Amino acid sequence: MNKTLYSLAKAYGEASLHTLFSENDLICVLNTKGVPYYVSIVENALAAYRGEKGLTGYLALSLEEDDASELEYVDLQQAQECLLAILGSDASELDPTDLKEVEESGVDFGATGFPQFRSKLQYQFPWYLTDEETEDLILIMRSLLFAKEYFSAFKKHGKASSFSAWLDSLGLKDQEKKEYIPCITAEGDGFSVTSKVLQDEAYGFEYPQAYFTNEERKLTFKRMRAKPGKVYYYMIGLLPEPMMGKQSDRPVYPIFSLIYDPQSHMILDVYIVEDYEKEHGLFIARLLEIFEKEGKPQAIHCFGKRTLTLLSQMGKQIGIMVVEGTQKEEMEKIVMEMLEDLYADQDHDHEHGPDCSCHHDHDHDHDHH
């Protein structure tokens, strides 16, 4: 399989598919289990976005506003779920594992044509392929080499020309209303091509929502008197550097929560979790502790795209106004200071390769004066 993957990478590189397909010419390839990969081709690389999660990540990144903050952009980049083939590297850019695999494959890439393959899962550092992912990438590259020959017969001669001649040959009546993309399926030794509607508006990121299921505990916080004029700023965001996870064999990008009191200019709590889907309840527990210790606020101003979703239902249950925060620049400055403190503490000035073994504590308390 190693030999097959590397032989295909060489053939793929020589075929210069980026001259025929633009980055926005999405091609869907179904793996043997029927899971769709949405492939985007650029010079010396391809990214195959897996399933709905992958497509959502790709669309969110390609439609992102130019004025997104650095933190928002990092978050979107790490939300990607795809297989990556990076071609055209020289030997010095490969890590030892990649170099060993190239040598074992026996395929000659010259001086600067070396490939690297990675699997990118949501909020995890790009990692080596599993056997199943290797099979998928082999199928994807075979499909794309076939696609070059196939679409050339439909007047697709370069990036600027579209799939329209091919679509016209299918006699689709609603091309104006729907966006169709090619979908390639392996059939025996060959491939078949069908059209697939790109359901871009049907997908989106879904984030957890918290609410009280314990009636007694809900009443306790509902009856607690809010401090007049008391406001907290609350941000949930992605840490921009990966850490070795306790629950995963890959380095992960953890999610932090930060509670800030704008009246006293103090950070009341910073907490970090590895897996937000599973562990967001810990953020809520910390927030309720702050209510008990520092007082219940009248309002919480939310920053970061997960925050409003997490708190809005709970806020209604216990009588706290939960709103989108407007002091974005102020909050971003506070977060950047928090990150500087965090990474200074952790002596974090090395590169994270796939053999990275740095580890971080998962519980940080910072006062901010």
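Among the residues of segment 31-54, write down those that are out of contact with any His (no Cβ under 9 Å at 6 or more places or on another chain), hydrophobic (A, V, I, L, M, F, W, C) and surrounded by fewer than 18 Cβ atoms within 10 Å (Cβ to Cβ). I'd like the intermediate steps shown before the answer.
To start, the set of residues in segment 31-54 that are out of contact with any His (no Cβ under 9 Å at 6 or more places or on another chain) comprises 31-40, 47-54.
Remaining after also requiring hydrophobic (A, V, I, L, M, F, W, C): 35, 39, 47-48.
Of everything in segment 31-54, just one residue is out of contact with any His (no Cβ under 9 Å at 6 or more places or on another chain), hydrophobic (A, V, I, L, M, F, W, C) and surrounded by fewer than 18 Cβ atoms within 10 Å (Cβ to Cβ), namely VAL35.
Cβ contacts < 6 Å: first residue in contact (Cβ under 8 Å) with a residue 40 or more places away in the chain, restricted to segment 151-170; second residue assigned to a loop (DSSP other than H, G, I, E, B), any location; separation 6+ or different chain. Result?
Going by the 6 Å Cβ cut-off, the qualifying pairs are LYS159/SER22.
Given the conditions (1) open to solvent by 20 Å² or more (accessible area, probe 1.4 Å); (2) over 20 Å from ARG142 (Cβ atoms); (3) charged (D, E, K, R), and given that ASP75 satisfies all but one, which numbered condition is not satisfied?
Only one criterion in (1) open to solvent by 20 Å² or more (accessible area, probe 1.4 Å); (2) over 20 Å from ARG142 (Cβ atoms); (3) charged (D, E, K, R) is unmet by ASP75, namely (1).
For segment 157-253, give me every one of the strands (runs of 3 or more DSSP E) that falls completely inside it and has 3 or more residues that are modelled with pLDDT under 95.
On the way: elements: 180-187, 190-197, 231-238.
Those strands (runs of 3 or more DSSP E) span 180-187, 190-197.
Can you report the number of residues in segment 54-103 which are without any contact (Cβ under 8 Å) to a residue 24 or more places away in the chain and under 18 Å from GLN124 (Cβ atoms)?
Count: 4.
Looking for whichever is over 30 Å from GLN317 (Cα atoms), open to solvent by less than 40 Å² (accessible area, probe 1.4 Å), within 34 Å of the chain's Cα centre (by Cα) and charged (D, E, K, R) here; the options are LYS178, LYS156. Which one fits?
Values: LYS178 fails: open to solvent by less than 40 Å² (accessible area, probe 1.4 Å).
One residue alone meets the criteria, LYS156.
Only residues that are of a type outside the set (A, V, I, L, M, F, W, C) and open to solvent by less than 10 Å² (accessible area, probe 1.4 Å): list them for segment 246-259, please. Step through it out loud before you land on a result.
Quick first cut of segment 246-259, residues of a type outside the set (A, V, I, L, M, F, W, C) only: 246-251, 253-254, 257.
Listed by number, the residues that qualify are PRO251, PRO254, SER257.
Tell me which of these ILE86 doesn't satisfy, since it passes every other one: (1) hydrophobic (A, V, I, L, M, F, W, C); (2) surrounded by 15 or more Cβ atoms within 10 Å (Cβ to Cβ); (3) farther than 29 Å from LYS53 by Cβ.
(3)
Regarding PRO208, is this residue in contact with a helix residue (DSSP H, G or I) (Cβ under 7 Å, 6 or more places away or on another chain), surrounded by fewer than 17 Cβ atoms within 10 Å (Cβ to Cβ) and farther than 15 Å from LEU311 by Cα? Steps first, please.
Working: in contact with a helix residue (DSSP H, G or I) (Cβ under 7 Å, 6 or more places away or on another chain): yes; surrounded by fewer than 17 Cβ atoms within 10 Å (Cβ to Cβ): yes; farther than 15 Å from LEU311 by Cα: no.
Here the answer is no, as PRO208 does not meet what is asked.
If I ask for residues that are among the small types (Gly, Ala, Ser), buried (at least 17 other Cβ atoms within 10 Å of the Cβ) and either part of a loop (DSSP other than H, G, I, E, B) or free of Cβ contacts under 8 Å to residues at least 12 places away in the same chain (or both), which ones from segment 310-336 would you list?
If the condition is that a residue be among the small types (Gly, Ala, Ser), buried (at least 17 other Cβ atoms within 10 Å of the Cβ) and either part of a loop (DSSP other than H, G, I, E, B) or free of Cβ contacts under 8 Å to residues at least 12 places away in the same chain (or both), then GLY325 is the only one that fits.
Of all residues being assigned to a loop (DSSP other than H, G, I, E, B), at pLDDT 95 or above and open to solvent by less than 50 Å² (accessible area, probe 1.4 Å) in segment 264-309, which is farthest from GLY229 (Cα to Cα)? Just the residue, please. Explain how you work it out, then say what you get.
Taking segment 264-309 as the starting set, the residues that turn out to be assigned to a loop (DSSP other than H, G, I, E, B) are 264-265, 274-275, 295, 297-298, 304-306.
So of that shortlist, the ones also at pLDDT 95 or above come out as 297-298, 306.
Next cut, open to solvent by less than 50 Å² (accessible area, probe 1.4 Å) only: 297, 306.
Numbers: PRO297: 8, ARG306: 25 Å.
So, considering only residues that are assigned to a loop (DSSP other than H, G, I, E, B), at pLDDT 95 or above and open to solvent by less than 50 Å² (accessible area, probe 1.4 Å), the one farthest from GLY229 (Cα to Cα) is ARG306.
Only one of (1) of a type outside the set (S, T, N, Q); (2) open to solvent by less than 10 Å² (accessible area, probe 1.4 Å); (3) over 26 Å from GLU187 (Cβ atoms) is not met by ALA68, so which one is it?
(2)
Which residues, taken from segment 122-153, are open to solvent by 50 Å² or more (accessible area, probe 1.4 Å) and under 24 Å from the mean Cα position of the chain (by Cα)?
Result: TYR128, THR130, ASP131, GLU132, GLU135.
Of all residues in segment 96-121, which are surrounded by fewer than 18 Cβ atoms within 10 Å (Cβ to Cβ) and of a type in the set (S, T, N, Q)?
Listed by number, the residues that qualify are THR97, THR112.
Out of segment 194-227, which residues are closer than 30 Å to GLU292 by Cβ, aliphatic (A, V, I, L, M) and touching a residue at least 24 places away in the same chain (Cβ under 8 Å)?
Taking segment 194-227 as the starting set, the residues that turn out to be closer than 30 Å to GLU292 by Cβ are 207-227.
Next, only the ones that are aliphatic (A, V, I, L, M) stay: 210, 219, 224, 226.
Selection gives ALA210, MET224, ALA226.
The values are calculated or read from the model by the stated rules, or taken from the named source; none is laboratory data. Predicted model only: the values in this text are computed from it and were never measured. Heads up, the Cβs are rebuilt from the backbone with ideal geometry, glycines too, and the neighbour counts pull from every protein chain shown. Areas reflect the complete protein model, heavy atoms only, side chains present, ligands, DNA and RNA absent. Shrake-Rupley method; radii C 1.70, N 1.55, O 1.52, S 1.80 Å.
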